[in-house]
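Everything on this sheet refers to the single structure shown next.
The values are calculated or read from the model by the stated rules, or taken from the named source; none is laboratory data. Since we're looking at a predicted model, the values are computed, not measured. Cβ placement follows ideal geometry from the backbone for every residue including glycine, while neighbour counts extend to all protein chains displayed.
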Amino acid sequence: MSQTSPTLQLPLVQPAQAQKHVTVNEALLRLDALVRTVVESRTLAAQPAEPGEGASWLIPAGASGDDWSGFGAGDIAVFRDGSWQAYSPQDGWQVHVRDEACDVHWDELGSRWRAAPTEQRLAEGVTGGAILAWLGDEVVEGLTGSSVDSTIVIPARSVVFGVSVRTREAITGASSFDCGIAGDASKFGGSLGVAAGASNIGVIGPTAIYADTPIVLTANGGDFTGGSVAIAIHAWCPVAPDA
């Protein structure tokens, strides 16, 4: 008999096992941490000094701390019973990130958490061909350097209509910023405001995109040294007929 369940790795009670309550309680605590998961952040670089019981974070690459430095990038770290427990995500797992007010899902192929896009099926034919209205959004936190790429991407073989942005936390270092893609830095807006609350709706003529394409935020007048920007991609996605 297997020692754990295949998906959530919940410990299983074994035949003639003593103190079965220990195994059952451990399984319940893992369920409590991994089902309908809410994490505080996915960008905290050092483990918090005084985490609350049951509080969770997603571990970023290069995280520091006595416990976090030993965890894998992307792991779900949960503080309970006075110590840290880390759980490795599986493809498709979804959690809610509290400080970004968005859902993210684990992309096994890319080995990273991606903001979960939303879509609305507008029409579907008898062959399965369909039209999707697609929205992907996220908050790009901790802006640093001359430019920053988004985690979410304009989907391959979609038609994008625009990208809207709002400065969520005041940007420092740069006097303004551009929103675009590689090779066209201001495609969705140039010289955008760095003050908290500044926004722009960068509409363009319908443009076909043939490969997954991240949004690029480019600093003007100096490198980014802080701040955050919420971005939203507005697109239309065709769906091929069923096989």
Hits in segment 60-80 (condition: of a type outside the set (Ser, Thr, Tyr) and under 15 Å from ALA49 (Cα atoms)): ALA63, GLY65, ASP66, ASP67, TRP68, ALA77, VAL78, PHE79, ARG80
Kindly provide the set of residues from segment 44-89 that are charged (D, E, K, R) and over 22 Å from ARG112 (Cα atoms), ordered by number. GLU50, GLU53, ASP66, ARG80, ASP81
Looking at (1) surrounded by fewer than 16 Cβ atoms within 10 Å (Cβ to Cβ); (2) modelled with pLDDT under 65, find the lone condition where GLU50 falls short. (2)
Close pairs from segment 124-141: first under 18 Å from THR213 (Cα atoms), partner of a type in the set (Lys, Arg) and surrounded by 14 or more Cβ atoms within 10 Å (Cβ to Cβ), Cβ under 6 Å, at least 6 apart: VAL139/ARG168
Any idea which residue in segment 99-116 is nearest to SER41 (Cα to Cα), counting only those that are small (Gly, Ala, Ser) and touching a residue at least 12 places away in the same chain (Cβ under 8 Å)? ALA101
Would you be able to tell me the number of residues in segment 108-145 that are of a type in the set (S, T, N, Q) and either buried (at least 17 other Cβ atoms within 10 Å of the Cβ) or within 25 Å of VAL95 (Cα to Cα) (or both)? 3
Can you confirm whether SER186 is in contact with a Gly (Cβ under 9 Å, 6 or more places away or on another chain), part of a loop (DSSP other than H, G, I, E, B) and modelled with pLDDT of 95 or more? yes
Per the filter on segment 206-231, residues over 22 Å from the mean Cα position of the chain (by Cα) and without any contact (Cβ under 8 Å) to a residue 60 or more places away in the chain are PRO206, THR207, ALA208, TYR210, ASN220, GLY221, GLY222
Can you tell me how many residues in segment 60-77 are of a type in the set (A, V, I, L, M) and either outside any strand (DSSP E or B) or more than 19 Å from ASP91 (Cα to Cα) (or both)? 3
Of these, TRP106, TRP57, TRP84, TRP113, which one is among the aromatic types (Phe, Trp, Tyr), outside any loop (DSSP other than H, G, I, E, B) and farther than 29 Å from THR167 by Cβ? TRP84
Tell me, which residue of segment 140-154 that is touching a strand residue (DSSP E or B) at 6+ places or on another chain (Cβ under 6 Å) and assigned to a loop (DSSP other than H, G, I, E, B) is modelled with the lowest pLDDT? GLU141
(1) surrounded by 13 or more Cβ atoms within 10 Å (Cβ to Cβ); (2) out of contact with any strand residue (DSSP E or B) (no Cβ under 8 Å at 6 or more places or on another chain): which one isn't true of GLY173, the others all being true? (2)
Residue among VAL239, VAL159, VAL203, VAL148 that alone is buried (at least 19 other Cβ atoms within 10 Å of the Cβ) and touching a residue at least 24 places away in the same chain (Cβ under 8 Å): VAL148
Against the condition modelled with pLDDT under 95, assigned to a strand (DSSP E or B) and either among the aliphatic types (A, V, I, L, M) or touching a helix residue (DSSP H, G or I) at 6+ places or on another chain (Cβ under 8 Å) (or both), how does ALA230 come out, does it pass? yes
Within segment 116-139, residues among the β-branched types (Val, Ile, Thr) and either in a strand (DSSP E or B) or touching a Ser or Thr at 6+ places or on another chain (Cβ under 7 Å) (or both) come out as THR118, ILE131, VAL139
